[in-house]
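The structure under discussion appears below in the form of structure tokens.
Read the figures in this text as sums done on the coordinates, not as results from a lab. Just so you know, these numbers come straight off a predicted model, no measurement behind them. Neighbour counts are summed over all protein chains in view; Cβ atoms, including those assigned to glycine, are modelled from backbone coordinates with ideal geometry.
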Amino acid sequence: MKKLSLTIFALLLIALTYQAEAQSKVVAKDLIGSWKLVIDVDEEFEEAKREVDEEDSFLGKIILNSVSGIVSGILEEIDIYMEFKPGGEVKVIVEAFDEREIEYSEWQIDKKGRLYISDTENFSTGDSDYWLMEKGVLILFEDDNERSDNVYLVNMDSN
């Protein structure tokens, strides 16, 4: 029994270590350049559709299909780019419905290597939300350290 407990503990420790290693600190030199914000709602809508199907709700299906079509259509019309500059400045470019707005904000990296981007009029994450690097992609983490797989930044300079 003791051997089994030690084995389970070791496996949990390895799993937690792997999860911690999967995201890495943001380094300023890797951040400098142009990035595109990606908001992927398809997976969330698929999960919602499965739930509605399980409940067999006709009205739920109609509402979900309408909402998913509207949201997807709007997201196709919006592009958000960020140009991270040395010294903590970020240029936020929002292109939506044939309009283009440019705003400037600030970024900083804390001692743990987490990237924080100050809110602007057109771009906002929570005050305590942060970004970590994973395989060259910046992944959003909410203030409770919960990973958001649906919102991330991809480097446009490496394409």
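Cut-off under 16 Å on the C-alpha distance; same-chain residues fewer than 8 positions from K135 excluded. Which aspartates and glutamates are left, in chain and number order? List returned: E21, D30, D149, D157. Paramagnetic label reach from I32 (point 7 Å along Cα→Cβ; backbone nitrogen cut-off under 16 Å): within segment 74-110, residues 83-91, 107-109. Taking 7 Å steps out from each Cα toward its Cβ at D110 and E89 produces label points 2.6 nm apart.
Sorting 142-149, 29-36 by average packing, meaning the other beta carbons within 10 Å per residue, from highest down gives 29-36, 142-149.
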